[in-house]
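The values are calculated or read from the model by the stated rules, or taken from the named source; none is laboratory data. Keep in mind that what you see is a predicted model, and the values were worked out from it rather than measured. In this analysis, Cβ positions are derived from the backbone assuming ideal geometry, glycine residues included, and neighbour counts consider all displayed protein chains.
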Amino acid sequence: MPGPKPMPTHLKLLRGNPGKRPIRPEPQPLRTEQVPDAPNFLTGYARDEWDRVAPELHRIGLLTVLDIAALAAYCVAYATWRTAEETLNEVANRDPVMHGLIVKTRAGGVMQNPLVLTARQAANDMVRYASEFGMTAAARARIAAGVYREPQGGKFDGLLA
C-alpha cells in the first residue's frame with residue numbers, strides 16, 4: 001500500500017486530532033499486568049536486552065502479547081550486532097594495519113571481513129525493529145512533533161461574549 005504506514009490509535013491520540021477526523025479504534029491485544037516473560041530461546045546479550053527494554057515498553061503500553069515475537073527479533077538482532085562488533089574489535093586489536101576490516105581469502109586475495117557485513121545487517125535490522133516500538137529518537141520525534149494542544153486564549157478572548 002503506498003504512502004506512510006498507518007499509525008496506531010494510541011499514537012494518534014498522543015498526537016491529537018487537529019484535523020478532527022474520526023478516529024477508528026483498532027482491536028486492542030491483551031496487555032498483561034506484568035511484563036511478559038522473555039521467550040526461552042533468548043540467551044546472552046539477547047536476554048539482557050529484553051530485560052533492559054521490555055519493562056519500559058510495557059510501562060508505556062507498547063508491549064502486548066502480540067508484540068513478544070517482534071521484540072524478540074529486535075533482541076536477537078541486537079545480540080548479533082553486539083557479538084559481531086565485539087569480535088571485530090578483538091580482530092582489530094591483533095591487526096594494527098587493516099584493523100580486521102580486510103581478510104585474506106584462501107586463494108591469497110583480499111576481501112572485506114564478513115563480520116563487517118554481519119554487523120551492518122544486524123544494526124539495520126535492529127534499528128528497523130526498534131523504530132516499530134518508538135525506541136529511536138526519530139520515531140519519538142514523529143510522535144512528539146505532532147502533539148496537538150488547544151490554542152491558548154489571546155488577549156481579546158471573551159471580548160464579544
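Quick look at the values:
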quantity	calculated
Complete set of residues in region 18-64 that are loosely packed, with under 13 Cβ neighbours inside 10 Å, within 16 Å of the chain's Cα centre (by Cα) and in a loop (DSSP other than H, G, I, E, B)	ILE60, GLY61
Qualifying positions in region 105-161 - in a helix (DSSP H, G or I) and modelled with pLDDT under 75	ARG140, ALA141, ARG142, ILE143, ALA144, ALA145
Region 92-145, residues that are of a type in the set (Lys, Arg) and touching a strand residue (DSSP E or B) at 6+ places or on another chain (Cβ under 8 Å)	LYS104
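Here's the yes/no breakdown for (1) without any contact (Cβ under 8 Å) to a residue 24 or more places away in the chain; (2) more than 16 Å from ALA130 (Cβ to Cβ); (3) touching a helix residue (DSSP H, G or I) at 6+ places or on another chain (Cβ under 9 Å):
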{"position": "GLU33", "(1), (2), (3)": "yes, yes, no"}
{"position": "ASN40", "(1), (2), (3)": "yes, yes, no"}
{"position": "ALA46", "(1), (2), (3)": "no, no, yes"}
{"position": "LEU66", "(1), (2), (3)": "no, yes, no"}
{"position": "ALA70", "(1), (2), (3)": "no, no, yes"}
{"position": "GLU90", "(1), (2), (3)": "yes, yes, no"}
